[in-house]
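Working notes, structure below.
The values are calculated or read from the model by the stated rules, or taken from the named source; none is laboratory data. Note that the structure is a prediction, hence the values are computed from the model and not measured. Reconstructed Cβ throughout: ideal geometry from the backbone, glycine too, with neighbour counts over all protein chains shown. These accessible areas exclude ligands, DNA and RNA; they are computed on the full protein's heavy atoms, side chains included. Shrake-Rupley method; radii C 1.70, N 1.55, O 1.52, S 1.80 Å.
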Amino acid sequence: MDKIIFLDRDGVINKDLNGYVTAWPEFEFLPNVLEAIKRLSELGFKVVVVSNQAGVAKGYYTAETLARITAQMLETVRAAGGRIFSVHYCTHRDEDDCICRKPKTGLFKQALAGISVNLKETFFVGDNERDIEAGKKMGCRTILVLSGITKTKADVYNFKHRPDFIADDLWDAVERIIAKGKGSNDGKEKTGFNISA
């Protein structure tokens, strides 16, 4: 059975701009993220990114631009010794009422096609309540990081959907996951990524 860790993108992997990353020069890895992904890869986790990217539907950037940003993100992670198994985006707006925009679970189901996984032993790391709600709907264990939209533990008191754990950032989240004794798989990387449009 595979060991998966789901990650949101903006606010978990890269700095959240309180807007949209519209070009690669705007993409800034958060501190220790490359090291955290490398560590997960070395432990045999399949790292899967699931991210809402409504900027495409809103016209802030194109699907082709998103593809270029993603390709460079994947290459930078590889060069640092880590691997991202697959990336799945929803490019719809809330009003499109799609099945893939978090907190709906379509991106997760897309990512898990052909994969055998115990969701009760799978973590989803996100930076806002929408992520936590999506993870709980999927039956995952959830970790909220304070490196993105949510800045303090006090903010969580206003959440309807509470995370299982709170961490400072992805590195801290990885420490918590490792402490729970999560294990190994071959970690081989899928080629490319999927955009739900």
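Summary table
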item: Residue satisfying all of: in region 132-148; farther than 16 Å from Ile4 by Cα and touching a residue at least 40 places away in the same chain (Cβ under 8 Å); surrounded by the fewest Cβ atoms within 10 Å (Cβ to Cβ) among these; result: Gly148
item: Criterion violated by Lys102 - all others in (1) more than 17 Å from Val12 (Cα to Cα); (2) open to solvent by less than 40 Å² (accessible area, probe 1.4 Å) satisfied; result: (1)
item: Residues within region 107-121 that are within 9 Å of Asp2 (Cβ to Cβ) and either touching a Cys at 6+ places or on another chain (Cβ under 9 Å) or outside any loop (DSSP other than H, G, I, E, B) (or both), tallied; result: 1
item: Selection within region 156-184 - open to solvent by less than 60 Å² (accessible area, probe 1.4 Å) and acidic (Asp, Glu); result: Asp169, Asp172
item: Residue within region 27-39 that is open to solvent by 40 Å² or more (accessible area, probe 1.4 Å) and basic (Lys, Arg) present; result: yes
item: Complete set of residues in region 120-135 that are within 11 Å of the chain's Cα centre (by Cα) and not β-branched (Val, Ile, Thr); result: Phe123, Phe124, Gly126, Asp127, Asp131, Gly135
